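Heads up, the thing below is written out as structure tokens.
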Amino acid sequence: MKIFRNISLKKYNTFGFDYRANCLILPKTEEEAISLFRGEIFWEKPLLIMGSGSNILFTSDFKSTILCPEIGGIKIEEQDRENVLISAGAGVNWDNLVEWTVNKGFGGLENLSLIPGLVGATPVQNIGAYGVEVKDTIEKVRAVSIEDGAITEFNNNDCRFEYRNSIFKGKIKGKYLVTRVYYRLTTNPLLKLDYGSLNDEIKKPGDVTLKNVRQAVINIRRSKLPDPKIIGNAGSFFKNPVVSSSAAESLKKMYPQMPAYEDQSGGIKLAAGWLIDQCGWKGKRIGDAGVHDKQALVLVNLGKANGKEIYNLSEEIKKSVREKFSIELEREVEVVGTI
Ligand SMILES: Cc1cc2nc3c(=O)[nH]c(=O)nc-3n(C[C@H](O)[C@H](O)[C@H](O)COP(=O)(O)OP(=O)(O)OC[C@H]3O[C@@H](n4cnc5c(N)ncnc54)[C@H](O)[C@@H]3O)c2cc1C
């Protein structure tokens, strides 16, 4: 297990901020993580658990311990004619796992291609894209209690999945380290192509196959989203707000082109990117903190911005949307540090 003291977090957050942490611990196995939680090695509290920092906005140095699991391994746990149960360690790169499943002909994760981050964060965030949420494939999540190192398995219901949310971000936030995730996939996939421009993009290669769906998703994502290796960002900065049907109807009267979709909750989901764009923010910048010119939902570090500057920009955006639409945007990105 690697342990670093007073380390730069530049490589550990996709905004590329050069804040520092007092201590960074990288356990390679579940046993190493358990030994930490049983007190065999001293570590300072509070503990921040992280994957690759692609959904975190640091706003200052982290004056305590960060733990990033490097637990690897992809396994086929069981397989019959139609179903396959696979598992992956929390430290496996998510897109490597998706590529592996697609190459094996296992369907279910292909629409979630190219989402940055590690496997351990996928149940925490309930990641989603192109009409698919990872909750629909997760069978169980293995996790270790930080309190005493005990292992618990959470089945799909226990995880209380919601839009970009789960029990791991709610009631038990910071109490468990996810070590392994089990995904139920199918060997006879029903491909989902009815979201956004996916149906058009898939027509380019012709055949509707698992590999082509993955490629179509990758093509669309590359054309719209900035690559964090080139321009620092954390993907969608805000969640899409869900409003009541009556609020959505009144807004539709004023803005007939406003995108609006029925949500599972019974409310109406609006596109946060569209609301931000309508307030004139797309492509704007305050210093080096900017709003991406192809997708207003993505805030970007255009050079030397720091976390506080991105945070301040996000506050300005929230204010504009509140004043124009009376809607309170909620951050999808987790803010860590002092403001
Ligand atoms: C360019 C770009 C595009 C993106 N597109 C999408 C998208 O389409 N859909 C989408 O849903 N997200 C998207 N995201 C957001 C991000 O990729 C996901 O939220 C991802 O799951 C975060 O993974 P991570 O490993 O970086 O987690 P981190 O950002 O490091 O952590 C996220 C949260 O999970 C917790 N966590 C991480 N690992 C563990 C663990 N092992 N045990 C317990 N808790 C843990 C952390 O404490 C934190 O609360 C995008 C981000 C970027 C930069």
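The values are calculated or read from the model by the stated rules, or taken from the named source; none is laboratory data. Just so it is clear, the model here is predicted, and its values are computed rather than measured. With ideal geometry, Cβ positions are generated from the backbone for all residues, glycine too; neighbour counts draw on all protein chains shown.
Is one or more of the residues making up the range 187-197 in contact with an Asp or Glu (Cβ under 7 Å, 6 or more places away or on another chain), surrounded by fewer than 19 Cβ atoms within 10 Å (Cβ to Cβ) and under 20 Å from W100 (Cα atoms)?
Yes, the range 187-197 contains a residue that is in contact with an Asp or Glu (Cβ under 7 Å, 6 or more places away or on another chain), surrounded by fewer than 19 Cβ atoms within 10 Å (Cβ to Cβ) and under 20 Å from W100 (Cα atoms).
Name the strands (runs of 3 or more DSSP E) wholly inside the range 4-76 in which the number of residues that are in contact (Cβ under 8 Å) with a residue 60 or more places away in the chain is 3 or more. Walk me through it before giving the result.
Numbers: elements: 20-26, 47-49, 56-58, 62-67.
Ranges flagged: 47-49, 56-58.
Among the residues of the range 258-286, which ones are in a helix (DSSP H, G or I) and not hydrophobic (A, V, I, L, M, F, W, C)?
The answer is G273, D277, Q278.
Residues that are in contact (Cβ under 8 Å) with a residue 12 or more places away in the chain, more than 9 Å from the ligand (Cβ to nearest atom) and closer than 30 Å to Q215 by Cβ, at least 1 per element: which strands (runs of 3 or more DSSP E) completely within the range 81-191 meet that?
83-89, 138-145, 176-186
What pairs can you find where one residue is in the range 232-244 and within 12 Å of V291 (Cβ to Cβ), the other is hydroxyl-bearing (S, T, Y), and their Cβ atoms are less than 7 Å apart, with a gap of 6+ or different chains?
Partner pairs satisfying both residue conditions: N233/T14; F237/S314.
Rundown of residues vs (1) of a type outside the set (A, V, I, L, M, F, W, C); (2) touching a residue at least 40 places away in the same chain (Cβ under 8 Å), yes/no style:
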site: V298; (1), (2): no, yes
site: L313; (1), (2): no, no
site: E316; (1), (2): yes, no
site: S320; (1), (2): yes, yes
site: G337; (1), (2): yes, yes
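Of all residues in the range 140-153, which are within 17 Å of E77 (Cα to Cα) and either assigned by TED's automatic domain parsing to the domain that holds E44 or within 21 Å of the chain's Cα centre (by Cα) (or both)? Spell out how you get there, then give the answer.
Within the range 140-153, the subset within 17 Å of E77 (Cα to Cα) is 140-142, 153.
The answer is K140, V141, R142.
Taking the criterion of being farther than 30 Å from P256 by Cβ and loosely packed, with under 15 Cβ neighbours inside 10 Å, would at least one residue in the range 314-337 satisfy it?
Looking for residues that are farther than 30 Å from P256 by Cβ and loosely packed, with under 15 Cβ neighbours inside 10 Å, one finds none in the range 314-337, hence no.
Would the range 51-60 turn up any residue that is more than 24 Å from the chain's Cα centre (by Cα) and surrounded by 22 or more Cβ atoms within 10 Å (Cβ to Cβ)? Break it down into steps so the answer makes sense when it comes.
In the first step, residues of the range 51-60 are kept if they are more than 24 Å from the chain's Cα centre (by Cα); the result is none.
No, that holds for no residue.
Filter the range 113-160 for residues that are among the basic types (K, R) and in contact with a Phe, Trp or Tyr (Cβ under 8 Å, 6 or more places away or on another chain) and give the result.
Selection gives K135, K140, R142.
Within the range 216-257, restricting attention to residues that are in contact with a helix residue (DSSP H, G or I) (Cβ under 8 Å, 6 or more places away or on another chain) and in a helix (DSSP H, G or I), which residue is farthest from N312 (Cα to Cα)? I'd like the intermediate steps shown before the answer.
Here is the first cut: in the range 216-257, the residues in contact with a helix residue (DSSP H, G or I) (Cβ under 8 Å, 6 or more places away or on another chain) are 216-217, 219-220, 236-241, 243, 251, 255.
Subsequent filtering for residues that are in a helix (DSSP H, G or I) retains 216-217, 219-220, 251.
Details: A216: 35, V217: 32, N219: 32, I220: 30, L251: 27 Å.
Per the criteria, the residue is A216.
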